[in-house]
1. Conditions first: (1) within 16 Å of the chain's Cα centre (by Cα); (2) at positive phi. GLY35 passes all but one, so which condition is the exception?
2. What pairs come out if I take residues in segment 93-121 that are under 28 Å from ALA31 (Cβ atoms) and pair them with residues that are away from the ligand (no atom under 11 Å from the Cβ) and among the basic types (Lys, Arg) whose C-beta lies under 9 Å away, six or more apart or interchain?
3. Of the residues GLU82, GLU105, GLU75, which is surrounded by fewer than 21 Cβ atoms within 10 Å (Cβ to Cβ) and within 16 Å of the ligand (Cβ to nearest atom)?
4. Which of the residues spanning segment 88-115 are touching a Ser or Thr at 6+ places or on another chain (Cβ under 6 Å) and not in a loop (DSSP other than H, G, I, E, B)?
5. Please verify whether segment 74-87 includes one or more residues that are in contact (Cβ under 8 Å) with a residue 12 or more places away in the chain, more than 18 Å from PRO6 (Cα to Cα) and either part of a strand (DSSP E or B) or among the β-branched types (Val, Ile, Thr) (or both).
6. Count, please, the residues in segment 116-148 that happen to be part of a loop (DSSP other than H, G, I, E, B), more than 12 Å from PHE23 (Cβ to Cβ) and not acidic (Asp, Glu).
7. Examine segment 16-26 for a residue that is surrounded by 16 or more Cβ atoms within 10 Å (Cβ to Cβ) and charged (D, E, K, R), and state whether such a residue exists.
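No value in this document is a laboratory result; all are computed from the given coordinates. In this text the structure is predicted, and so the values were computed from the model without any measurement. Don't worry about glycine lacking a Cβ; one is built from the backbone with ideal geometry, like all the others, and counts go over all protein chains shown.
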Amino acid sequence: MSAPTPPFLVDVMCGTLATYLRFCGYDAAYALDRGLEADDALLAAARAEDRRLLTRDADLAADAGDRGFLLTAREPTAQLEELATAGLDLTLADQPSRCGVCNGELVRVPADADVPEYSRDPAETTVWRCRACGQHFWKGSHWQRVQETLSGL
Ligand SMILES: [Zn+2]
């Protein structure tokens, strides 16, 4: 199988993988976020949006043809290894560009912006906001855990 190229559509049961791909800056739509569970709905969405379908379902991967990529591992870290072995660059992005929650685009929050209670102060820490869901992000402990996982591949 050739190296899968973004953007991706990640099948149900592989939501953690979708989150990791977003941390690497990839456009990775998750089937459940889109309400896509039936095979034909997944295939139609992948075609319509020109996405590579990452799935653990061998029949679905076969139906997707060149557009499909079959994952055999169950654990997200092992799935990441499969993608890395196939040639996908899984380096943590310097600047986060995709929302880990919803795959929306992130924008830098100005230092003087109002932020939600849970957010770090953008005057002290670089903070990003998702254009789609409004979630705020910064490079905290979660970022470090993702970095450790990716650097261990
Ligand atoms: Zn979001």
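1. (1)
2. Hits for this filter: GLN95/ARG108; PRO96/LYS139.
3. Result: GLU105 is the single residue among GLU82, GLU105, GLU75 that is surrounded by fewer than 21 Cβ atoms within 10 Å (Cβ to Cβ) and within 16 Å of the ligand (Cβ to nearest atom).
4. Pass one, segment 88-115, residues touching a Ser or Thr at 6+ places or on another chain (Cβ under 6 Å): 100, 106.
Hit for segment 88-115 is LEU106, nothing else.
5. yes
6. Pass one, segment 116-148, residues part of a loop (DSSP other than H, G, I, E, B): 116-127, 131-135, 138-140.
Imposing the further condition that a residue be more than 12 Å from PHE23 (Cβ to Cβ) reduces the set to 116-127, 131-135, 138, 140.
The next check asks that each one be not acidic (Asp, Glu); those that pass are 116, 118-120, 122-123, 125-127, 131-135, 138, 140.
Going through segment 116-148 one residue at a time, the tally reaches 16.
7. Applying the first criterion (surrounded by 16 or more Cβ atoms within 10 Å (Cβ to Cβ)) to segment 16-26 yields 17-26.
Retained after the next criterion (residues that are charged (D, E, K, R)): 22.
Yes, segment 16-26 has at least one match.
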